[in-house]
Structures are given as C-alpha cells and as structure tokens.
Amino acid sequence: MNSEDKILVVDGNSILNRAFYGLSRAAMLTTSEGLYTNAVFGFINILSKYLQDENPKYVCVAFDLKAPTFRHKEYDQYKAQRKGMPNELAVQVPIIKQVLDAMNIARVEVEGFEADDILGTVSSYAEKQGLKTILLTGDRDSLQLASGHTRIKLPVTRGNKTETDEYDYEKVVEKYGVTPGQLIDVKGLMGDTSDNIPGVPGVGEKTALNLIQKFNSLEELYENIDKVEKKGVREKLENNKELAFMSKRLATIYRKVPGVEDLSSFARTEADKEALYGIFKRLEFKTLIEKFGLENTPFVEATEALKIEHLDVDSISDLQSYISAIKLSGKVAVYYHVDPTGSYMDDLCIFACNEEYAPANIVFSEKLTCQEALNELREIFESKDIEKYGHDLKNLYKYLKSHGIELENVIFDTFIAAYILEPTRSTYTISELYEDKLKQSITPVEILYDKHGKRLQQEQDISSSEVCAAAVNAIYVLIQKLRPIIRDNGQDELYYEIELPLVEVLADMELRGFKVDVEGLQAYSKEMDSRLVILENEIYMQAGETFNINSPKQLGVILFEKLGLPVGKKTKTGYSTNAEVLEQLSYKHEIVERILEYRQLMKLKSTYADGLLSVLEQDGKIHSNFNQTVTATGRISSTEPNLQNIPVKLEMGRKIRKVFIPTNQDYVLLDADYSQIELRVLAHITDDSNMIEAFLKNEDIHTTTASKVFGIPPEEVSSLMRSRAKAVNFGIVYGIGDFSLSKDIGVTKKEARQYIDDYLDKYSKVKEYMSDTVEKGKEFGFVTTLYNRRRYLPELKSSNFNMRSFGERVAMNTPIQGSAADIIKISMVKVYNELKKRKLKSKLILQVHDELIVETEKSELEEVSKLLKDCMENAVQLKVPLTVDVKHGDSWYETK
C-alpha cells in the first residue's frame with residue numbers, strides 16, 4: 001500500500017444520529033407516502049462531502065449491533081440511561097445499509113464490539129500498513145485515536161452551518177494539554193454521563209485534566225496519591241479507586257477487533273448505479289439522483305427480497321383458485337399485519353408452502369371485502385389437515401376469533417421460537433430476525449405505518465403487497481433456521497407443548513377482557529383524593545411547613561437539613577430521596593412512612609384510578625396485552641394496563657380490585673392461586689429431605705423453617721420468628737445476602753448472616769444446589785428450568801465483582817422462578833383446553849404470577865372450580881404436591 005493512500009473510516013451510528021437530529025429535524029423529511037428519510041438523506045450528504053474532500057482509496061462504515069458488548073458485561077449500567085432509538089430513525093437504519101451496499105461501500109459490524117472499537121482497530125492496522133487514516137465521527141471519545149497518521153473529523157453545527165472540527169495528535173495536545181492516549185485517563189477520572197461511565201464522583205473535567213497533566217496516568221496518580229494537594233480531591237480518589245480504573249477500562253477503545261485485518265477489502269469501487277437509482281427513486285431523492293448522475297439509469301427495485309412473485313387477489317374466483325393450491329400444498333404460512341388505528345383494512349398475506357405455488361398477498365378492496373375473503377378462507381384456517389405457520393400469531397388468532405373463525409393446526413410461530421432461543425432480545429421483528437439469521441436485508445414491514453398510524457401507501461415503488469409478500473416468505477425461510485436449533489437444544493417440549501399452545505390462550509384472554517365498574521372506579525378515585533389530602537396535611541404538620549412533596553430537592557432539604565435525618569446518598573443535584581433511601585429512614589421519623597404512602601397512592605391514582613379510565617374500551621372492559629416474549633425468566637407480563645403490578649401491601653392498593661367485576665350478573669369470578677409454588681419447586685429441584693417432608697406433611701413451611709433454624713418446637717415459634725423465616729425462605733432463592741436480609745427484617749448484618757448460615761445448615765441440599773448451579777452456569781454459559789428454558793449468563797465470567805455477583809444470583813433464581821413460570825403456563829393451557837373441550841361458557845381472563853382468574857357462568861361454578869383445581873394441581877408431577885386455593889366472588893377483591 002502506498003504511504004500517500006488514505007482510508008476513511010465512518011462511525012455509522014454516530015453520523016446517522018447526527019443526520020437525524022441535526023439535519024432537517026424540524027421538517028422531519030419524509031416521502032409523499034410518509035416514510036421518514038431525513039437521517040438517510042443527511043448521512044449521504046455528509047459522507048459524500050468527506051469522500052469528495054479526502055478522496056480516500058479505501059472506505060468503510062462501522063455500525064453497532066444490538067448484542068451486549070464486553071463493556072455491558074463488565075458494568076451493567078453502561079449506557080443504561082440511554083433511551084431506545086425512536087421509530088422514525090429505526091426504520092431508516094436498514095435503508096442506509098441498503099444505500100451503502102448499492103454504493104459498494106463496505107459495512108463492518110462485529111458482535112460484542114462497538115463502532116468505536118472498529119474505528120480503533122482499522123486505524124491501528126492502517127497505521128501499521130502505512131496508510132493515512134481519517135476517522136469521521138460525531139463522538140469525541142475517538143480523539144484518543146489521534147496520531148501522526150490518524151486524523152479525527154467531527155462534524156459540528158454552528159448557527160445554521162455545519163462545519164468540521166479536525167484533530168490530529170498536536171491539535172489534541174494543544175486543546176487539552178494532554179496526549180490523545182491520556183484522554184482515556186482523564187475519562188477514567190471525570191467519567192462520561194452520555195455513556196453512563198461513573199468516573200470518580202465529584203471530579204470534573206478541569207480537575208481530571210490537571211491531575212493527568214501532573215501525574216501522566218491513572219496508575220502514576222494512584223502510586224503518588226499522597227502528593228495530591230487538595231484533601232477533598234485526594235479522599236475522593238482514595239474512596240473510588242476501583243471505579244476510576246473500571247471507568248478507564250470502559251472508556252478505552254479496543255483496537256484488536258477480530259475479522260477486520262484485511263484492509264484491501266475496503267477498496268473503493270464504482271457504485272451499482274441501477275440499484276442506487278432504485279433506492280433514491282423510492283426515497284424521492286431527486287437532488288441526489290442528479291448529484292450522483294443517475295438520471296438516465298433504468299429503474300430497478302432496490303431490494304432483492306421484494307422481487308418475490310406475488311398475487312393480489314381481488315375476486316372470489318382468484319381466491320378459490322389459490323385455496324385449491326393451498327389444499328394441494330397442505331401447508332400455509334400466514335402473515336397478518338395490524339393497522340394500529342383501525343382506519344384501514346388489515347393486511348393478510350398467505351403463502352402456500354411448496355415451491356410450485358407462488359405466495360399471494362390478499363388485499364381486501366371494494367372488489368373483495370374482508371368478510372367475503374374470510375368466508376372463503378374459513379375452511380383453510382379451521383382445517384386440521386393444513387399446517388399453519390406464522391409470526392406473532394396471537395394477533396391473527398384474535399382477528400379470526402373476532403370474525404368467528406378458529407385457527408387450527410398451528411405448527412410454528414417464528415416470533416415465539418426466536419424468544420425461546422434468545423430470551424434477552426429486545427425485539428423480534430421479521431426484518432431483524434431475517435437479517436440476523438440469514439445476513440440478508442428485507443424492507444421492514446414496520447414501514448407500512450408511521451408513528452401516528454398513518455398508512456404509507458407506497459404506490460408503484462414498494463406496495464404493501466410487496467412488503468407483505470417479502471415478510472411471509474421470510475417466515476418460511478426462518479422456520480428452516482430456527483426449528484433445528486430448538487430440537488438440538490432439547491427444547492421441543494417447551495416450545496411445542498407450552499409456549500406455542502399458549503399463544504391461543506393469551507389471544508383469547510385479550511379478546512375477552514376484564515369488566516370494570518366505572519362508577520366504582522370514580523368513587524375509588526375520589527376516596528384516594530381524600531386520603532392524599534389527609535396525608536399532605538400530616539406531612540406538612542410533621543415538617544412544620546408546606547413544601548412540594550413531589551420535589552426531591554425540597555424534600556431533601558426538609559428531611560436532611562431541617563429534620564436532621566442521616567444522609568444516605570447524594571446526587572449531583574442534591575440529596576437522594578429515592579425509595580431505597582426512604583425505606584432505610586422509615587424507622588427514624590414518622591414523616592418518612594407518610595411520604596412513602598403518599599408516593600404509593602400517587603402512583604396508584606395515576607396508574608389505576610385515572611389510568612384505567614383512559615384504556616377502557618367501548619364494551620366497558622380492559623383488554624390488557626399479555627406479553628409472552630418480554631421476560632428472560634419466562635414469566636408473562638401485562639401492559640396497557642399492567643394488571644400484574646397492582647400493589648397489595650396497602651389497603652388502598654387492594655381495594656382497586658373491587659372495580660374488576662364479571663361481564664354481567666350471569667357470571668362470577670373464580671380465583672385459583674398456587675400456594676408457595678417457588679418453594680415447592682425448590683424442594684423438588686434440590687431434593688432436600690427436610691423441605692420435602694414438610695410439604696408432604698402439609699406443614700406450614702415458614703413455621704417449620706423457623707423451628708429448625710431457631711432450634712425450638714413448632715408450637716413455640718412466634719409470629720416474628722415465622723416472619724423472619726419467611727424472609728429467608730423466599731430470599732434464599734434470589735441469592736439474598738446478609739446486607740439485604742438485614743434491611744428486610746430489621747436486624748444487624750451479623751444476625752442476618754447467622755440466619756442464612758443456620759438455614760443452609762438445616763437445608764443442606766439447598767446450599768449444595770446453589771453452589772452447583774452457579775458452577776454449571778459457568779461451565780455451560782447458561783442455566784435451565786425443569787423444562788429446559790435457558791437463561792444465558794455471560795456475567796458469571798465477568799471480572800467485575802458486582803456483575804459476577806448479579807450473574808450468580810440470577811443463576812440460582814432462574815431455575816426456580818423460571819420453572820414456576822413454566823408450570824403456570826402449563827396450567828393455563830390445560831385449563832383453556834378443558835374449558836374449550838367441554839364447550840363451557842366460562843373463560844380464562846387473567847393470569848397474575850401464580851394466580852389464574854376464570855370468569856365463570858354461575859351454573860358452571862361447581863364444575864369449573866373442580867376443573868380449575870385439578871388442572872393446576874396436576875399440571876406437573878413434582879416430589880411434593882402442588883396445592884391450589886380456589887375462591888369465588890362478585891369482584892376480584894372478594895376472591896382474595
């Protein structure tokens with residue numbers, strides 16, 4: 001390579017963000033169909049400018065991947081404060097990648113590393129090979145890479161103009177008074193709020209620069225700590241040495257990322273003008289078509305995935321012909337895309353899974369209405385002979401059920417399969433999975449609608465037909481990738497017998513909904529207002545003055561300055577008054593308990609008293625979303641609203657359940673709750689004879705534990721002893737330590753340690769289980785539930801103590817909590833199927849942790865009570881019995 005040759009390395013995420021937020025932000029540039037394009041447009045213009053200015057022989061663009069990096073694994077709070085990418089930007093990421101591919105510009109993405117690390121690695125190799133390097137980024141962290149051969153270009157906005165700040169080795173030294181490499185030491189001291197790197201609390205940029213200018217490095221600083229003149233600074237440094245060095249590690253750009261050694265692969269070549277023209281035409285970039293000289297290029301669609309043959313069906317005869325093809329195939333992949341506003345007909349795309357049959361996108365038009373199409377398709381959907389495949393089939397279940405159609409013989413759902421295999425992913429869209437598993441891009445289905453629910457009619461360039469056809473084809477391709485992995489992992493039972501059948505159960509629950517007593521809810525809201533007024537006056541009286549209770553700053557002054565309570569934590573803006581701090585102070589002054597109750601009631605009021613009214617639908621019911629793919633433990637969560645998080649410690653929290661009532665007077669609510677399911681699972685998994693014996697004899701497990709730990713007969717166990725034993729029983733499976741237990745039960749750390757030691761001595765198999773599980777987690781990289789649900793734990797091998805401790809706690813807890821989640825899901829499937837099989841009117845409507853609620857037709861009460869108890873208690877066979885308490889009432893409150 002010639003020493004005069006240049007390589008331009010672009011931080012893709014940084015420049016794309018800059019283009020999105022800094023260029024055309026006010027106008028939010030979109031196509032006529034509503035597709036956001038401002039980030040793509042800005043990125044191309046920025047890149048083109050620097051390509052023209054520098055004329056590099058080599059060029060590449062680095063992107064971050066969603067997988068955690070080695071920094072996240074060392075420090076779980078790394079970048080934790082950052083909000084997710086807005087949808088308007090997210091839909092542009094795959095588009096800019098298509099543009100770069102069409103421009104024949106290399107893209108570099110390496111799992112476990114950030115774009116900064118790729119910039120550092122490429123520049124390192126470039127220097128060794130004699131290349132001059134230009135790093136284009138909006139992130140000043142890259143200044144540590146500046147050298148005699150590497151320049152950093154930072155686009156900045158001044159006024160209405162975009163200018164460039166350029167740094168080489170000398171410029172960094174001139175501006176900061178330290179070398180580029182020493183900037184890492186500076187960051188170790190001052191931290192970085194944008195990346196959530198802590199640094200040394202209380203040490204800012206000026207102090208950090210002065211210290212490194214004097215001592216050269218973090219290592220030399222700590223070797224000569226006694227020479228730091230300012231006592232306050234010296235104490236901060238001494239108290240936070242570990243934080244400083246961890247922050248330095250986090251801030252250090254890694255320069256040995258694998259797979260990017262061959263710089264010749266980044267050589268610039270001519271763009272694929274036809275592909276580029278196709279993309280620019282779709283995005284309506286007329287100025288860029290002219291700028292790139294593409295006016296005379298024949299239009300070619302930009303994405304290969306959109307060249308899938310498809311058939312828009314707009315007549316009964318066409319549809320019947322296709323139905324015949326489906327019957328011959330015996331398989332059908334279905335993609336159903338929901339219009340978020342209900343203003344448009346939803347997209348339904350089907351694909352006969354046989355190479356000789358082409359996919360068809362069924363668009364309901366004036367020529368073929370939704371109901372006409374469904375009347376014809378009913379026999380396909382309800383056929384037990386035709387296999388069904390899809391993605392996020394819960395929505396399709398609901399859609400068809402609302403039209404009186406039962407979806408039968410579902411074989412595979414790629415959405416659920418992806419969750420089983422990667423339970424900590426944040427999203428499972430078809431386009432992301434397709435790109436991850438096949439390393440190919442398809443236009444995201446999500447661009448069919450903008451954030452306001454406006455339908456994006458793509459007209460000729462990309463129709464919804466083409467997008468949906470690409471999606472439904474991707475489903476079938478993904479199945480071939482995902483199914484063998486599930487089988488090889490030994491997860492067939494988990495997937496096919498628990499998770500996949502549960503999709504229909506949750507769909508039915510969402511569709512049925514839970515009736516709300518509106519008048520009762522309004523009365524509850526008024527009652528809460530009255531209680532809040534009383535609490536406010538009590539707090540003001542105890543404080544001796546009025547103040548804004550919701551202001552952490554004003555509250556901190558009252559608690560720590562006026563009332564003189566001990567200060568727990570301090571933040572940059574003053575005293576910390578978070579829940580943890582207040583809980584520790586609750587015994588110091590009665591005002592604290594009032595404040596805690598006030599906060600809980602304020603949350604109750606906004607979330608439930610007022611919040612429920614905003615999500616009530618026309619039928620007077622709450623139709624919560626039950627999320628199957630959110631938690632890593634396998635638990636189901638609920639949103640809009642979250643019915644699983646209603647606080648029950650306060651009576652006002654429990655009373656909210658009074659407004660949840662049956663659909664009408666013909667029904668009652670039947671509530672079934674597992675008794676101590678996690679402890680029973682613990683007894684089964686550990687095979688501890690003492691614990692098993694207690695459950696077999698139907699003893700009170702907390703009294704038995706107290707008896708064994710304190711060495712007294714059960715009849716002499718006091719309520720306080722039982723309460724402390726209960727805290728240990730439940731805390732032990734979460735890997736609770738002496739510090740946390742001492743706070744929970746109000747004893748010294750030493751006493752808490754003794755409780756834990758005595759407990760583990762009496763339940764020796766539990767102690768053995770805790771140790772063995774952590775070791776197996778380290779060996780295999782994951783732990784499993786009874787049904788082979790996996791939780792991957794790279795934290796167990798972290799060099800960071802806090803991260804490693806977190807991993808150990810999760811390793812101990814996941815098999816217990818995850819198995820309990822598996823069992824409740826098995827119960828839900830059994831209950832749902834039995835109600836359906838017997839053709840009963842009663843319906844399963846809610847699951848909350850270890851509790852199921854069935855809206856029961858009064859004439860079926862006795863039968864359903866027995867059915868519910870039998871299904872739940874016999875869901876699985878453990879070494880100890882599962883016991884279920886069943887109660888009924890005219891409100892959720894009455895069943896508890």
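List of remarks:
Rundown of residues vs (1) touching a Ser or Thr at 6+ places or on another chain (Cβ under 7 Å); (2) among the hydroxyl-bearing types (Ser, Thr, Tyr); (3) outside the structural domain of Val810 (by TED's automatic domain parsing), yes/no style:
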position	(1), (2), (3)
Ile677	no, no, no
Ala694	yes, no, yes
Lys697	no, no, yes
Ile701	no, no, yes
Ser707	no, yes, yes
Phe710	no, no, yes
Tyr734	no, yes, yes
Tyr755	no, yes, yes
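- Some residue of the stretch 409-430 being surrounded by 22 or more Cβ atoms within 10 Å (Cβ to Cβ) and at pLDDT below 85: yes
- Within the stretch 579-609, the residues that satisfy the criterion of being more than 18 Å from Lys743 (Cα to Cα) and among the hydrophobic types (A, V, I, L, M, F, W, C) are Ile591, Ile595, Leu601, Met602, Leu604, Ala609.
- Assessment of the stretch 214-228 against the conditions (surrounded by 15 or more Cβ atoms within 10 Å (Cβ to Cβ), within 38 Å of the chain's Cα centre (by Cα), assigned by TED's automatic domain parsing to the domain that holds Leu119 and part of a helix (DSSP H, G or I)) yields at least one matching residue.
- Complete set of residues in the stretch 431-463 that are at pLDDT 75 or above and either more than 27 Å from Lys331 (Cα to Cα) or among the hydroxyl-bearing types (Ser, Thr, Tyr) (or both): Ser431, Tyr434
- Subset of the stretch 268-277 (residues that are touching a residue at least 40 places away in the same chain (Cβ under 8 Å) and in a helix (DSSP H, G or I)): Ala275, Leu276
- Per-region count, the stretch 878-896, residues assigned to a helix (DSSP H, G or I) and of a type outside the set (Val, Ile, Thr): 2
- Which numbered condition Gly191 misses (of (1) in contact with a strand residue (DSSP E or B) (Cβ under 7 Å, 6 or more places away or on another chain); (2) small (Gly, Ala, Ser); (3) over 18 Å from Leu250 (Cβ atoms)): (3)
- The number of residues in the stretch 253-263 that are over 27 Å from the mean Cα position of the chain (by Cα) and in contact (Cβ under 8 Å) with a residue 40 or more places away in the chain comes to 7.
- Residue count for the stretch 708-725, restricted to those that are buried (at least 19 other Cβ atoms within 10 Å of the Cβ) and hydrophobic (A, V, I, L, M, F, W, C): 3
- Across the stretch 131-163, the number of residues qualifying as loosely packed, with under 14 Cβ neighbours inside 10 Å and not charged (D, E, K, R) comes to 5.
- Scanning the stretch 726-759 for residues that are of a type in the set (D, E, K, R) and closer than 24 Å to Asp772 by Cβ, we see that the one that is surrounded by the fewest Cβ atoms within 10 Å (Cβ to Cβ) is Asp757.
- Of all residues in the stretch 527-539, those that are farther than 18 Å from Lys562 by Cα have Cβ atoms under 6 Å from Cβ atoms of residues that are of a type in the set (Gly, Ala, Ser) and crowded, with 18+ Cβ neighbours inside 10 Å, 6 or more apart or on another chain, in Met528/Ala609.
- Taken over the stretch 636-657, the criterion of being of a type outside the set (A, V, I, L, M) and either in the same structural domain as Leu868 (by TED's automatic domain parsing) or in contact with a strand residue (DSSP E or B) (Cβ under 7 Å, 6 or more places away or on another chain) (or both) is satisfied by Ser637, Ser638, Thr639, Glu640, Pro641, Gln644.
- Being of a type in the set (Lys, Arg), free of Cβ contacts under 8 Å to residues at least 24 places away in the same chain and over 26 Å from Gln628 (Cα atoms) is a description that does not apply to Lys879.
- Just one residue in the set Ala875, Ala821 is of a type outside the set (Asp, Glu) and part of a loop (DSSP other than H, G, I, E, B); that residue is Ala875.
- Those residues of the stretch 264-285 which are surrounded by fewer than 21 Cβ atoms within 10 Å (Cβ to Cβ) and not hydroxyl-bearing (Ser, Thr, Tyr), in sequence order: Ala267, Arg268, Glu270, Ala271, Asp272, Lys273, Glu274, Lys281, Glu284
- Meeting the requirement of 2 or more residues that are modelled with pLDDT of 90 or more and touching a Cys at 6+ places or on another chain (Cβ under 7 Å), no strands (runs of 3 or more DSSP E) wholly within the stretch 578-677 can be named.
- Criterion applied to Ser637, Ser624 was being touching a Pro at 6+ places or on another chain (Cβ under 7 Å) and at negative phi, and the one residue passing it is Ser624.
The values are calculated or read from the model by the stated rules, or taken from the named source; none is laboratory data. As the structure is a prediction and not an experimental result, all values here were calculated from the model. Cβ: placed from backbone, ideal geometry, glycine included. Neighbour counts: every protein chain shown.
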